[in-house]
Amino acid sequence: MNTLFEPIILPNGTVIKNRFFKSAMNEAMGTRNLQPKKEVVNLYRQWAQGGAGLVVTGNVMVDPTSLAEPGNVVFNEQSDMTTLKEWAQAGRTNGTAIMVQINHSGKQAPKTVNKQPVAPSVVPIEGSMANLFNAPRALSREEIKDLVQKFTTAAKVAKDAGFSGVQIHAAHGYLINQFLSPHDNRRTDEYGGNRDNRMRFLVEIYQGMRTACGADFPIGMKINSADFREGGFSEEDSLYVIQEMENLGLDFIEISGGNYEKPTMSASTSKGKNKVFFADYSKRLKNLVKIPVIVTGGIRSVESMVEVLETNTADFIGLARPMAIDPAIPNKIAEGSYETIETHHLSTGIKALDRKVASLLGIVYYQLLMHQYAKGKTPQVTRNAWPSLLHALYTQGLAGLFPQRAK
C-alpha cells in the first residue's frame, strides 16, 4: 500500500505528494455571470484536506457563448480573481496540487445553453440524444485562431490565480476531440485531413499556453483512448497524438473514452466490480511514453489501486464519483479505515422513466453530493433518483433533463 503514497515528479519538476488523482467532475457551481460560487472554495478545501495528491476542477469553459451545461464557470479577462485565488488556495491546502480543466463544448452543447454551436465541420450529433442538440456551423480560420487565444487566456488566468497547473480537455466529444476525429473534422484546410492537421488546433493551444505560462507551469491533457465509433478517433490516432504531445513537453496524460453518442466515460461500474476502465490501452501507452499516465473509472478497492501501480498500468489512481461520495478516501486508506465504495444506478421506481432519464439524473445526484459537502454537510448516499429529478427541474427547469457530464 505504500506505493499509493509515494511522491511522483512531473517532467517539469513539479512534485505531487501521492498517487491519488481526483478527476474532473462538473460541480455546477457557476453563477449566472459565469463566476464560481463561494461554496466551490469549501468543496475543494475538503478534497485537499481529504488527502488527494492532485485534484482537477470540473471543466472550466473558455468562451461565454459556448457553454456545455448549466452552472459552467468561464475563465477570461472578466474573471473574479478574488474568488479564483481563494479557490486555488483552498485546493492547495495540505500540500495538494489543484489544476484547472480547460474546455470548449463545440457542437456538444444542448439547445438550452447554446442555440448555435460551432464545430470543425457541419456534422450534427447522431443517436438517441440527437434531438437535444442543434446542428453546428463550421468555424472559420479566424475563429479558430481566436479560440486558441481564449484557451491561452484561460490558462494564464489559472496561473495568475495561483492554481498549480491546467489540464486541456481533449476528450469526451468536446471541441478539441472534434478536431481530432476524422468523423467530426472534414475540413480541407490546414486544420483537417491527416493526423498532424487534425491535431494542429490542440498543438496551437498547448504552445500558446506554454508560451504564456512558462516551462515550470504543469500542463496536462485528458484524451480519449478512442471514440468507439466507426470512422472516429481511433486508438492508433490516440497513441500518435499523445506521443507527439509528449515530444512538445506535455506533463501528464489522463485516459478516457467516448462521447455523448458513445458515452463510455459514464459507464456504470455496478457490474464487473474493480474492472479498471481503459486498462489494456493504458498498459500499451505506458510502453510508449515516459510522462505520467492516469486512468479513471472502475477503481474502487485498495487492492485494485495497488495493482494498477504495481502492474505498470498507470502512475496515478484516478477517482471521480467515489470522491464525491467521500472526499477523504486517501486519508482513510492511510489510516486503514477505508471501506470499498461502490457506485450504483439510481431509480425512480418507474422503469420507463428510469430508461429515459436515470443516467442523466445520476450526474445531478453527484452534483448534489458535492453541493452538500460545499455547505459543510455530510450528504446521505441513496439509490433514490427522485431528489435528483426534483432538484434538476427546480433549479434548471427542463434544461435539467438535458445532457450533462460528471467527468
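In this structure, the residue pairs whose Cα-Cα separation is over 29 Å, taken from Lys22/Lys375; Lys17/Lys159; Lys85/Lys150; Lys22/Lys286; Lys85/Lys290, are Lys85/Lys290. Phi angles of the stretch 366-383 translate, via the Karplus equation with coefficients 6.51, -1.76, 1.60 and θ = phi - 60°, into HN-Hα couplings of 5, 5, 4, 4, 5, 5, 5, 4, 5, 8, x, 9, 9, x, 8, 7, 8, 9 Hz per residue; Gly and Pro are given as x. Distant-in-sequence amide contacts of Arg186, defined by a placed amide H-H separation under 5 Å and a gap of 5 or more residues or a different chain, comprise Ser121. Taking a ≥ b ≥ c as the square roots of the Cα gyration tensor eigenvalues, the chain comes out rounded, since a/c falls below 1.5. Straight-line cross-link partners of Lys145 among the aspartates and glutamates, defined as a Cα under 14 Å from its Cα and at least 8 positions apart when in the same chain: Asp63, Asp189, Glu190, Glu204. Across the stretch 309-326, rounded Karplus estimates of 3J(HN,Hα) from the backbone phi angles (6.51 cos²θ - 1.76 cosθ + 1.60, θ = phi - 60°) give 6, 6, 9, 6, 6, 7, 9, 10, 9, x, 10, 10, 4, x, 6, 7, 6, 8 Hz, Gly and Pro being marked x.
Per residue, the average separation of C-alpha pairs within less than 8 Å and at least 6 apart gives the chain a relative contact order of 17 percent.
The trypsin sites (Lys or Arg not before Pro) found in the stretch 1-58 that occupy coil by DSSP, while having at most 11 further C-beta atoms within 10 Å, are Arg32. Couplings 3J(HN,Hα) of the stretch 238-250, computed from phi: 4, 4, 5, 4, 4, 5, 5, 5, 4, 4, 7, x, 4 Hz, in residue order, whole Hz [Karplus 6.51 cos²θ - 1.76 cosθ + 1.60, θ = phi - 60°; x for Gly and Pro]. For the stretch 2-345, the dipole from Cβ point charges (+1 on Lys and Arg, -1 on Asp and Glu) about the Cα centre works out to 440 debye, to the nearest 20. Placing dummy labels 7 Å off each Cα toward the beta-carbon, the span from Lys38 to Ser301 is 4.5 nm.
Bear in mind these aren't lab numbers, they're just calculated from the coordinates by the rules spelled out. All figures in this text were calculated on a predicted structure; none of them were measured in a lab. When we count neighbours, we look across all protein chains shown, and the Cβ atoms used for this are built from the backbone with ideal geometry, even at glycine.
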